[in-house]
1. Looking at 5, 28 in this structure, which one is modelled with pLDDT of 95 or more, open to solvent by 90 Å² or more (accessible area, probe 1.4 Å) and assigned to a loop (DSSP other than H, G, I, E, B)?
2. Looking at the range 123-135, can you tell me whether even one residue there is crowded, with 18+ Cβ neighbours inside 10 Å and not hydrophobic (A, V, I, L, M, F, W, C)?
3. Does the range 39-48 contain at least one residue that is within 16 Å of the ligand (Cβ to nearest atom), in contact with a Lys or Arg (Cβ under 6 Å, 6 or more places away or on another chain) and open to solvent by less than 10 Å² (accessible area, probe 1.4 Å)?
4. If you scan the range 86-121, which residues turn out to be open to solvent by 40 Å² or more (accessible area, probe 1.4 Å), in contact (Cβ under 8 Å) with a residue 12 or more places away in the chain, more than 16 Å from the ligand (Cβ to nearest atom) and not aliphatic (A, V, I, L, M)?
Amino acid sequence: MKFFELKNGRTFLLKLEYGRGIIEQLVEFLFAKKIETAYLSGIGAVKMAEIGYYDQERKEYVKRKIEEPMELLSLTGNVSLRDGKPFCHVHVVLGKDSMIYAGHLFDAEVFACEIYLVELEGKVSRSYDEQTGLYLWT
Ligand code: ZN
């Protein structure tokens, strides 16, 4: 196991804009505030989403687009550097009636979304990991 000891920095509550992408808006904010490492969580509702899972055998993401309004029941993730730029790794649980969708978030169109983001002081970078085919913390 590898670990990074970091301190909490600035804390933000974000109200994302209607009709725009969650990831797109997060990345914009991270650049604007010069945040390189963070953790985040959120709730709200989306108009559509593209989520997926990582196929460990084939070493690639399998994506799924869900083109309907859903509750954003839970969003959780982190921010670290990939190729020197802030990179968001986010997972979500989405729901509607008795349907639940969950997975790695590629992006989703916001209906309403509230994010709690805590900056972490210190640098954590990702690089390609041969064993998993993923970009992991190094
Ligand atoms: Zn993921």
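The values are calculated or read from the model by the stated rules, or taken from the named source; none is laboratory data. The shown structure was predicted, so the numbers you read here are calculated from the model rather than taken from an experiment. Glycine gets a Cβ as well: all are built from the backbone with ideal geometry, and neighbour counts include every protein chain shown. SASA here: full protein model, heavy atoms, side chains in, ligands and nucleic acids out. Shrake-Rupley method; radii C 1.70, N 1.55, O 1.52, S 1.80 Å.
1. After ruling out the rest, the residue left standing is 5.
2. No - not one qualifying residue is present in the range 123-135.
3. no
4. 96, 109, 111, 114, 116, 121, listed by residue number.
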